[in-house]
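Heads up: the structure comes next, in structure tokens.
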Amino acid sequence: IYKFVSAKPHVAGQPTDSLLDEGTLHVAQFTENGRGRWIALRHGENGLTPEHGFADAADILVRTRAAADAVRATPMDRPEWIAVHPQSGEVYCSLTNNGQRGTDGKPGPDAANPRTGNRYGHIVRWREDSGDAAATAFRWDVFVACGDPAQADPAQRGNIRGDLFASPDGLWFDTAGRLWIQTDMSGGAMGKPDHAAFGNNQMLVADPTSGEVRRFLTGPRGCEVTGITQTPDGRALFVNI
């Protein structure tokens, strides 16, 4: 998971087209104690030097995943969407699934990605220190682990409080602070025995405080539900199918 911190401050009402011109790209490292830090992917720092195979800044930006591995960033279970709570500033990221976690020499489980062969995905969230979006440290937790309570493997049962879902993808907050979750189970997984309980892909809404999740709609067979916005008065939603 990456974030870019602009060298220039955002000023409300002023043009934003130059904010990506200068700044620093960071990558996240999630540690076991619920803390995390943002590591700068800056040439000449943190081992990103010619001696370690990174010739210049452009090399880091072309081989960004290799640079992240070099600074020991946390390999995540396939990040999809990121959404920021409009009141608390907490950041949520959907990790759709990762059947290769801990298999065939791939990275094993860790605190932020705790399941070997993660079939169903999960959502992590973090709060930047002092509420500063440019902070270099944060606190994190797993907001929800998706799964099916009927699974024989306890690790794949999840901890959903409410309606079941798998493969979280689209995330979006409305102005009231409700988290909308859209799913993207693959066409090859839907209806198979280990995914039969979830039906088609769907859209759900979650209460960030209680963790309660309720299904709002189910998509047609074979679709992905992806993308959502609302009218300014909050009376209509537009949803991509």
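Provide a single number: the residues in region 100-140 that are closer than 18 Å to Arg157 by Cβ and either in contact (Cβ under 8 Å) with a residue 60 or more places away in the chain or open to solvent by less than 50 Å² (accessible area, probe 1.4 Å) (or both). Steps first, please.
To start, the set of residues in region 100-140 that are closer than 18 Å to Arg157 by Cβ comprises 101-102, 109, 113-123.
Now restrict to residues that are either in contact (Cβ under 8 Å) with a residue 60 or more places away in the chain or open to solvent by less than 50 Å² (accessible area, probe 1.4 Å) (or both): 101-102, 113, 115, 117-123.
The number of residues fulfilling the criteria is 11.
State yes or no: is Gly170 of a type in the set (Gly, Ala, Ser) and part of a strand (DSSP E or B)?
On the way: of a type in the set (Gly, Ala, Ser): yes; part of a strand (DSSP E or B): yes.
Taking the combined requirement at face value, the residue satisfies it.
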- Task: Output yes when any residue across region 88-98 is open to solvent by 20 Å² or more (accessible area, probe 1.4 Å), at pLDDT 95 or above, touching a Lys or Arg at 6+ places or on another chain (Cβ under 7 Å) and under 27 Å from Asp194 (Cα atoms), and no when none is.
- Result: yes
- The number of residues in region 160-195 that are small (Gly, Ala, Ser), more than 22 Å from Tyr92 (Cα to Cα) and surrounded by 14 or more Cβ atoms within 10 Å (Cβ to Cβ) is 2
- Looking at region 208-224, which of its residues are open to solvent by less than 50 Å² (accessible area, probe 1.4 Å) and out of contact with any strand residue (DSSP E or B) (no Cβ under 6 Å at 6 or more places or on another chain)? Ser210, Gly219, Cys223
- Task: Kindly indicate the residue of region 138-159 that is under 17 Å from the mean Cα position of the chain (by Cα) and of a type in the set (A, V, I, L, M) and also nearest to Met185 (Cα to Cα) among those meeting that condition.
- Result: Ala145
- Just to be sure, is Asp141 under 30 Å from Phe216 (Cβ atoms), at pLDDT 95 or above and either outside any loop (DSSP other than H, G, I, E, B) or touching a strand residue (DSSP E or B) at 6+ places or on another chain (Cβ under 8 Å) (or both)? yes
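For the subset of region 142-152 comprising residues that are surrounded by 14 or more Cβ atoms within 10 Å (Cβ to Cβ) and not polar (S, T, N, Q), which member is nearest to Thr31 (Cα to Cα)? Spell out the reasoning first.
Going residue by residue through region 142-152, those that are surrounded by 14 or more Cβ atoms within 10 Å (Cβ to Cβ) are 142-148, 151.
Filter again for not polar (S, T, N, Q), leaving 142-148.
Values: Val142: 13, Phe143: 16, Val144: 18, Ala145: 18, Cys146: 21, Gly147: 24, Asp148: 27 Å.
Here the answer is Val142.
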- Task: Using the structure shown, decide if Arg157 is modelled with pLDDT of 95 or more, open to solvent by 30 Å² or more (accessible area, probe 1.4 Å) and closer than 29 Å to Pro86 by Cβ.
- Result: no
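The values are calculated or read from the model by the stated rules, or taken from the named source; none is laboratory data. Treat the numbers as computed from the prediction; the structure is a model and nothing was measured. Note: ideal-geometry Cβ built from the backbone for every residue, glycine included; neighbour counts use all protein chains shown. Calculation scope for accessible area: heavy atoms of the full protein, side chains included, ligands and nucleic acids excluded. Shrake-Rupley method; radii C 1.70, N 1.55, O 1.52, S 1.80 Å.
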